[in-house]
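The values are calculated or read from the model by the stated rules, or taken from the named source; none is laboratory data. These figures come from a predicted structure and were not determined experimentally. Reconstructed Cβ throughout: ideal geometry from the backbone, glycine too, with neighbour counts over all protein chains shown. For the accessible areas, the whole protein counts, side chains as well, though only heavy atoms, and no ligand, DNA or RNA atoms are used. Shrake-Rupley method; radii C 1.70, N 1.55, O 1.52, S 1.80 Å.
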Amino acid sequence: QVQLVESGGGSVQAGGSLRLSCADSGRTFSRYAMAWFRQAPGKEREFVTSINWSGDRTVYADSVKGRFTISRDNGKNTVALQMNSLKPEDTAVYYCAAGLNYREPTPRFYHYWGQGTQVTVSS
């Protein structure tokens with residue numbers, strides 16, 4: 001069983017940085033690809049980035065390439081999202097998710113979800 005809890009959200013000015021973390025209290029974390037999605041008010045949930053089970057393969061949405069970095073620590077059952085050069089359009093609730101294929105950007109292919117953490121970027 002995978003149980004995901006996000007932390008690290010908050011408010012920041014444009015150009016600033018935030019680091020999100022997602023922890024799994026289960027014992028199967030390393031079997032799963034992990035991803036971050038986000039959802040802004042009135043919009044669909046969108047893919048941000050993903051990482052394979054071993055941490056050596058990643059995928060990024062074009063909108064965050066060069067600004068966001070995903071990483072994982074299987075010894076600590078955590079996945080992190082470092083967000084730099086934040087923009088107002090990055091404002092959303094951010095969710096971590098666990099699935100079987102890190103190349104898959106569609107939410108319905110991810111089986112486990114955290115509760116989300118709010119990120120607000122002001123101009």
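Condition check for R57 on (1) in contact with a Ser or Thr (Cβ under 6 Å, 6 or more places away or on another chain); (2) closer than 16 Å to R103 by Cβ; (3) open to solvent by 40 Å² or more (accessible area, probe 1.4 Å): one failure, at (1). If you go through region 52-73 and keep only what is of a type in the set (V, I, T), assigned to a strand (DSSP E or B) and over 10 Å from the mean Cα position of the chain (by Cα), you end up with T58, V59.
Evaluating K43 against the criteria (1) in contact with a strand residue (DSSP E or B) (Cβ under 6 Å, 6 or more places away or on another chain); (2) in a loop (DSSP other than H, G, I, E, B); (3) basic (K, R) leaves one unmet condition, (1). If you go through region 74-123 and pick out every residue that is within 17 Å of G42 (Cα to Cα) and not in a strand (DSSP E or B), you end up with 6.
Residue check: is S50 among the hydroxyl-bearing types (S, T, Y), in contact with a Pro (Cβ under 9 Å, 6 or more places away or on another chain), at pLDDT 95 or above and open to solvent by less than 50 Å² (accessible area, probe 1.4 Å)?
The answer is yes for S50.
Which of the residues belonging to region 1-40 are basic (K, R), open to solvent by 40 Å² or more (accessible area, probe 1.4 Å) and assigned to a strand (DSSP E or B)?
Going through region 1-40, the residues basic (K, R) turn out to be 19, 27, 31, 38.
With open to solvent by 40 Å² or more (accessible area, probe 1.4 Å) added as a condition, the list becomes 19, 27, 31.
Within region 1-40, just R19 meets the criteria.
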